[in-house]
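Participant: I'd like to ask some things about the structure below.
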Amino acid sequence: MDNTIQPKEHLTTIPHQISGLMDQTAGLDMDQVLKLLAARYPGQVVFSTSFSIEDQVITHAIASNETPITLFTLDTGRLFAETYSVWSSTNDKYHTRVKAYYPDRTLLEKFLNEKGPNAFYESVDNRKECCRIRKVEPLKRALKGQAVWVTGLRAEHSPERKDHALIEWDEGNQIIKYNPLLHWTTLQVREYIDKNDVPYNVLHDRGFVSIGCAPCTRAIKSGEDFRAGRWWWEDASKKECGLHAS
């Protein structure tokens, strides 16, 4: 019989880990939580940026404090030119080299050859398959072997996102997720960007709220829901790409 005492971490269940992290981070600001996570899980904390205005807040917090967290992005191949511009200006300002993950060539070629370049407009299933190939599958590769995934998710963006917690377990990706801006308002995000002179996507000044692939994103009109600019041809209840399942 093996009487070896196992390290405490090995005996800790996922709910206890999450509960413990929530207790440890209570009352801390974003910068402090990021440093705590980086120290607890050295080399295993990553931040996924789409170069949205929210993500730029987190990039500034990580880079300006030299917190050892890896930055990566998902380049779907159909991003706005303005997104690539802010990617470049971010690298220039913070001396970063944001790592890029791309769609699997075989999967993408099969989808395009069988269904065409704009098949996502034809059905929800096609659109979700396009998102799976261009975003979800590359994300899983990026998160493999990591312990913590930092995101720019905000509850204000959609009803579904209000179900998330600041620190939670992502069952689909088998990873702890930290959503530091979950309860931030758009005004708070804008004030942070202005105060710290953070580069951001100029499309945000043109009515674009949530910026993704160019064919699937448009500016919203006054009074429209935050998510109205994404996949506007679909029923409002289906507007998620699969990256942030509740």
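The values are calculated or read from the model by the stated rules, or taken from the named source; none is laboratory data. Note that the coordinates shown come from a computational prediction; the quantities given were computed from them, not determined experimentally. Every residue, glycine among them, receives a Cβ derived from its backbone with ideal geometry; neighbour counts consider all protein chains shown.
Participant: Please state which one of 228, 214 is among the small types (Gly, Ala, Ser), modelled with pLDDT of 95 or more and closer than 21 Å to residue 131 by Cβ. It would help to see each step written out before you state the result.
Facilitator: Values: 228 fails: modelled with pLDDT of 95 or more.
That would be 214, the only listed residue that is among the small types (Gly, Ala, Ser), modelled with pLDDT of 95 or more and closer than 21 Å to residue 131 by Cβ.
Participant: Limited to region 86-129, what total is found for residues that are free of Cβ contacts under 8 Å to residues at least 60 places away in the same chain and more than 25 Å from residue 144 (Cα to Cα)?
Facilitator: Going residue by residue through region 86-129, those that are free of Cβ contacts under 8 Å to residues at least 60 places away in the same chain are 87-88, 91-92, 94-117, 119, 122-123, 125-126, 129.
The next check asks that each one be more than 25 Å from residue 144 (Cα to Cα); those that pass are 88, 92, 94-95, 112-117, 119, 122-123, 125-126.
The number of residues fulfilling the criteria is 15.
Participant: A follow-up question, please. On the phi > 0 side of the Ramachandran plot and modelled with pLDDT of 95 or more: which single residue out of 145, 152 fits that description?
Facilitator: Answer to the check: 145.
Participant: Of all the residues that make up region 143-171, how many are within 20 Å of residue 103 (Cβ to Cβ), in contact with a Ser or Thr (Cβ under 7 Å, 6 or more places away or on another chain) and assigned to a helix (DSSP H, G or I)?
Facilitator: Number satisfying all stated conditions: 0.
Participant: Determine if region 158-167 includes at least one residue that is modelled with pLDDT of 95 or more and among the hydroxyl-bearing types (Ser, Thr, Tyr).
Facilitator: Looking through region 158-167, none of the residues is modelled with pLDDT of 95 or more and among the hydroxyl-bearing types (Ser, Thr, Tyr).
Participant: Looking at (1) under 20 Å from residue 165 (Cβ atoms); (2) more than 18 Å from the chain's Cα centre (by Cα), which one does residue 43 not meet, given that it meets all the others?
Facilitator: Looking at each condition in turn, residue 43 falls short on (1).
Participant: Just a yes or no: is a residue in region 29-41 within 30 Å of residue 111 (Cα to Cα) and either buried (at least 21 other Cβ atoms within 10 Å of the Cβ) or modelled with pLDDT under 95 (or both)?
Facilitator: Within region 29-41 (the criterion being within 30 Å of residue 111 (Cα to Cα) and either buried (at least 21 other Cβ atoms within 10 Å of the Cβ) or modelled with pLDDT under 95 (or both)), the answer is no, since none of the residues qualifies.
Participant: Just wondering, is there one or more residues in region 119-132 that are under 16 Å from the mean Cα position of the chain (by Cα), surrounded by 14 or more Cβ atoms within 10 Å (Cβ to Cβ) and closer than 30 Å to residue 21 by Cα?
Facilitator: No, the conditions are met nowhere in region 119-132.
Table: residues versus (1) touching a Phe, Trp or Tyr at 6+ places or on another chain (Cβ under 9 Å); (2) surrounded by fewer than 20 Cβ atoms within 10 Å (Cβ to Cβ); (3) modelled with pLDDT of 95 or more; (4) not in a strand (DSSP E or B).
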residue: 57; (1), (2), (3), (4): yes, no, yes, yes
residue: 71; (1), (2), (3), (4): yes, no, yes, no
residue: 76; (1), (2), (3), (4): yes, no, yes, yes
residue: 92; (1), (2), (3), (4): no, yes, yes, yes
residue: 111; (1), (2), (3), (4): no, no, yes, yes
residue: 114; (1), (2), (3), (4): no, yes, yes, yes
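Participant: Among the residues of region 172-207, which ones are part of a loop (DSSP other than H, G, I, E, B), without any contact (Cβ under 8 Å) to a residue 60 or more places away in the chain and surrounded by 14 or more Cβ atoms within 10 Å (Cβ to Cβ)?
Facilitator: 173, 179, 182 - these are the residues of region 172-207 that are part of a loop (DSSP other than H, G, I, E, B), without any contact (Cβ under 8 Å) to a residue 60 or more places away in the chain and surrounded by 14 or more Cβ atoms within 10 Å (Cβ to Cβ).
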